[in-house]
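Structure record follows, encoded as structure tokens.
The numbers here are math on the coordinates, done by the rules we state, and not lab data. All figures in this text were calculated on a predicted structure; none of them were measured in a lab. Note that we place each Cβ from the backbone using ideal geometry, even for glycine, and neighbour counts take in every protein chain shown.
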Amino acid sequence: MPMASQAAPRPGRRPRDVAFAAAVSALLAWYNNLAGRTPWHRRWYPAANAGAAASALGAALAAGLTADDLGLRRDRLGAGLRLGAAAAAPVAAAFALAPVTPPARPLLHDQRVAGLSGRQLAYQVLVRIPVGTVAWEEIAFRGVLHAALRRVLTERAAIAAGAVLFGAWHVRPAAETLGANHLATRPAARAGAVAVIVTSTAATGALLSLLRVRSGSLAAPVLLHLTANCAGPLAAAMSSRLEHRVSRTRSE
């Protein structure tokens, strides 16, 4: 009995669009978890990811995606900024209050931040995170990937698929964060903790995609993403300094 042939692409779903969406998905699944482990990428993180973002945009334009597809229309910038600011405000407020709220301080403990000097912290929140993380991830996921998936999937399916990939993108960073803070040290506990982090990150990815779709602009997810990623280290650093000051006062 002959094998069933694969279903033909639905009307409007061109093979080259399917191939482009598959290629983008595969490259993103590989990039952060494998290329991101190499010494050269860690050293040149902002520059490497800025180059990757430019390459992704170039490939998207070559594939026929437009500024509208990518969330880069100028006339949608205002809507994106307004929605992004509304979504980011409660996040910023929560991180501002956390260091001065004793029960919340343990949640801010991060050894990667505690040892940073003021200059190093400024580099993180002004260069490394905005350029190397937020701009790159938003262009890659809510820009190029979402636009590519929308050509071959429904809007909901594109959001779901993008969210799953965004979660998978964070497997290595989640494991490294746990290791740096000496959390979930047993293999089973580490795997479970990584799974929880990845799942929550996927949910965040879905929210960021919804902001992009609702506003029609990448500015909305960029603002929320930037606020969350920069406010976290700032709050952790403030909490660490407050605890150090309190302990020094008690010892005097």
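Data overview
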| read-out | value |
| --- | --- |
| Charged-residue dipole, Cβ positions (Lys, Arg, Asp, Glu), the chain about Cα centre, Debye nearest 20 | 100 debye |
| Value of Rg to Rh for the chain (Rh from inverse mean 1/r over Cα pairs, i.e. Kirkwood) | 1.02 |
| Footprinting exposure proxy for V164, V100 (fewest neighbouring C-beta atoms within 10 Å first) | V100, V164 |
| Fluctuation leader among P102, P187, P233 - the chain, Gaussian network, Cα springs under 10 angstrom | P187 |
| Rounded if a/c under 1.5, otherwise prolate or oblate - the range 111-218, Cα gyration tensor axes | oblate |
| The chain: relative contact order as a whole-number percent, Cα under 8 Å and 6+ apart | 35 percent |
| Diffusion coefficient, µm² s⁻¹, Stokes-Einstein with Kirkwood Rh over alpha-carbon pairs of the range 32-174 at 4 °C and 1.567 mPa s | 74 µm²/s |
| Potential extension, A50-A29 segment - 0.36 nm per residue separation minus Cα distance | 5.8 nm |
| Cα-based shape type of the range 168-250, given that a ≥ b ≥ c are square roots of the gyration tensor eigenvalues and the cut on a/c is 1.5 | oblate |
| 3J(HN,Hα) from dihedral phi, the range 37-48, Karplus parametrisation 6.51/-1.76/1.60, rounded to Hz, x for glycine, proline | 8, 6, x, 5, 5, 5, 6, 10, 3, x, 5, 5 |
| Cα-based helix-to-principal-axis angle, 171-180 vs the chain, degrees rounded to 10 | 10 degrees |
| Chain lengthening between T185 and T199 when straightened (0.36 nm per residue, less Cα-Cα) | 3.1 nm |
| Phi-based couplings in Hz for the range 212-225 (Karplus 6.51, -1.76, 1.60; Gly and Pro marked x) | 5, 5, 5, 8, x, 9, 5, 4, 5, x, 4, 4, 5, 4 |
| W136, W44 arranged by Cβ crowding within 10 Å, fewest neighbours leading | W44, W136 |
| Relative contact order (%) - criterion: Cα under 8 Å, at least six apart; region: the range 113-201 | 22 percent |
| Dipole of the range 132-229, positive direction: furthest Cα of T133, V222, I159, with charges on the beta-carbon | I159 |
| For the range 6-102: rounded, prolate or oblate by the Cα gyration tensor [a/c cutoff 1.5] | oblate |
